[in-house]
Structures are given as C-alpha cells and as structure tokens.
Amino acid sequence: MPTNLKPRILQVPLQEVMTLRHEVLWPDQPRLFSSVDGDDGAFHFGIVLDHCDGQLAGAASLFANGDICQLRKFAIRPTFQRQRLGSVLLEHIILFAKNHRFLTMFCDARTTATGFYEKHGMTLSGDMFVKHGECYRRMCLKL
C-alpha cells in the first residue's frame, strides 16, 4: 500500500454504505437496488483515507445469523482499487467476526473477485450461479 494512504476503518451508518454501494456496484440501477433485507441490523464498515475529507474509499456489510455471518456488498471505489485497501478492510472484518465468536463467514463473490477472497483464506463452495446478470460463487471461511 502506498505510504501516503493512511486508512482508518470505522463502523458507519447504513446511509453512507448505501451511497458507496450504489455508486460502485450498481450505478445503472435505482439506489434502492443496492439495499439488502436485514440492512438495519447489520454491521456496516467503511474505510476512510485521511487525505480524502472523510469520504469512504470502500465499504462492506456483515450480516449475523447465529454463529454464521455473511459478508455482503463489498465495494472499493475504482480510484482506490489495487492499493490493498480491500485487503485491509477484509482483514479487519475477519478479525471482527472472530472477536464476535462467529464460527463461519461466507460471501457470494462475483467470479471476477474469487482470487481476492482466496488470498484471505476463503474457499469455493458450490457451483457458479447468476444473479442480476453477474456470475457468482459462494466463498466460505472457517473462523
């Protein structure tokens, strides 16, 4: 990661992650397309760079269900991709999940991102599926 990037990870309000989700993941859809059932009860994380006036460089949400948690809507702004910010954010969320005693974390990853998740110990589970015109694979991590 370049030394001029000083990321901070915060739990942020849903409204902030919704803005980023819409802009990065589904810009051609209505804003509500980026909402998820259970958003009100999820943990929302944002990564902020000191030199960006508090604007989120990336965000992700963690949804709890017993001792299992699901990572959803992971997004890094294109201008900040390939600078390890996604790795920093994911590592923080994995540690958060471990500290909250979840046993398993999973996500449905776009097939273009499976290598990223594999680098962080997640493994493929199940077959590819298509949702909203995008190809996905389930990825799991035993915590």
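Rule-based calculations on the coordinates, nothing more; no lab input. Only a predicted model underlies this, so the values are computations on that prediction, with no experimental measurement involved. Every residue, glycine among them, receives a Cβ derived from its backbone with ideal geometry; neighbour counts consider all protein chains shown.
Of all residues in region 8-47, those satisfying the criterion of being crowded, with 17+ Cβ neighbours inside 10 Å, within 19 Å of A64 (Cα to Cα) and either in contact (Cβ under 8 Å) with a residue 60 or more places away in the chain or small (G, A, S) (or both) are S34, A42, G46. Count of region 64-93 residues, restricted to those that are more than 11 Å from the chain's Cα centre (by Cα), farther than 14 Å from P7 by Cα and among the hydrophobic types (A, V, I, L, M, F, W, C), is 3.
Across region 85-119, what is the total count of residues that are among the basic types (K, R) and surrounded by 14 or more Cβ atoms within 10 Å (Cβ to Cβ)?
Residues in region 85-119 being among the basic types (K, R) and surrounded by 14 or more Cβ atoms within 10 Å (Cβ to Cβ): 1 in total.
Based on what the data block shows, is M122 crowded, with 19+ Cβ neighbours inside 10 Å and free of Cβ contacts under 8 Å to residues at least 24 places away in the same chain? Taking the combined requirement at face value, the residue satisfies it.
Scanning region 54-68 finds no residues that are surrounded by fewer than 18 Cβ atoms within 10 Å (Cβ to Cβ) and touching a residue at least 60 places away in the same chain (Cβ under 8 Å).
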